[in-house]
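Down below is the structure, laid out as structure tokens.
The values are calculated or read from the model by the stated rules, or taken from the named source; none is laboratory data. The structure presented is a predicted model; accordingly, all values stated were derived computationally and were not measured. All Cβ positions, even for glycine, are placed from backbone atoms using ideal geometry, and neighbour counts span all protein chains on display.
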Amino acid sequence: MNGIGVDVSKRQLDVGTTDGEILQVSNSASGFAELDLWLRKHPASQIVLEATGGYERPVLDFLHVAGHPVVRANALRARRLAQGLGQLAKTDRLDAYALAQMAALVKLPAYQPLEPWQQKMREFVRARRQTMEALTVARQQQEMVTDRELRRLLQANISRLQGIVGRLGKQIAEQVAQQPQLAVLKSMKGVGPGLQAVLASYLPELGRISGKRIASLVGVAPMSHDSGTMRGKRSIHGGRAEIRQVLYMASMSAMRHEPRLRDFYQSLRARGKEGKVAIVAVMRKMLVILNARVRDAQGGSIPA
């Protein structure tokens, strides 16, 4: 079967197949309907769309409901595959063709749409993160200023952003409290409403796949760099940065208050592991444990 790729922009969808067929439709309800009819005449084992910061979600949800085997691919991974296949130029149509090649060559996890409460929670989590980033910029801006009046003006902006961060944090905690199934995550010390919300809204696979796969999805699984007799230093890369940022802070707290993780960290350091390497290992262990606890709470099993 053909692989099919869909390059998504704000206004249009460029569709390509491995055998060179192309289609262009609007990124709208009418365009989705036209794409649905076209796809029914072009069966594929996978239809790959690149993550584009949210513009892809409406068409993903539409195609999923329509019964198409849609997948959302990491943008960097898709680009590196295209470059590895010799496609150095970049246009919407070329990107669609590269995604089609990915669909034909790489088996990817099927798209799993979020529940309405998860989507709402994700929007609040994203808004809080973006506001915190703006707060960091505002503080740096004030540090460069010596004029007293201007500093007072900039401080007003900092105070406003701090207030927004606080209100968003409170609303996120309230949303988490309204989802009793998330309570199992609190069984580990160091896991607060912030990490609960991020895992619920950015990692819907939690409890449904193996610990090894969940660590790879988040980007905390070490990757080998070996060749022949050479054994390179293993490192992490890729994955879902939104989760890693919050998981890192949670791991720092867990290492102080969760005996099992504290002992694990100390044993790694005693064996000569670097501090950052040991922290990443703690993050990975936290994630694997939480994955198992969610699975057990759901009464399900995880495929190997």
Open item on the list: Being closer than 25 Å to Gly219 by Cα and either in contact with a Lys or Arg (Cβ under 8 Å, 6 or more places away or on another chain) or assigned to a loop (DSSP other than H, G, I, E, B) (or both) narrows it down to one residue among Leu76, Leu49, Leu88; which is it?
Closed with: Leu49
TODO: Hey, can you tell me all the residues within the range 42-65 that are touching a Leu at 6+ places or on another chain (Cβ under 7 Å) and not aliphatic (A, V, I, L, M)?
DONE: Gln46, Glu50, Glu56
Task: The lone exception for Gln24 - which of (1) at pLDDT 90 or above; (2) of a type outside the set (Lys, Arg); (3) touching a strand residue (DSSP E or B) at 6+ places or on another chain (Cβ under 7 Å); (4) assigned to a helix (DSSP H, G or I) it fails - done: (4)
Task: Single unsatisfied condition, Leu94 versus (1) more than 30 Å from Ala173 (Cα to Cα); (2) in a strand (DSSP E or B) - done: (2)
TODO: Please specify each residue of the range 64-80 satisfying the condition of being under 13 Å from Ala100 (Cα atoms), surrounded by fewer than 18 Cβ atoms within 10 Å (Cβ to Cβ) and among the aliphatic types (A, V, I, L, M).
DONE: none
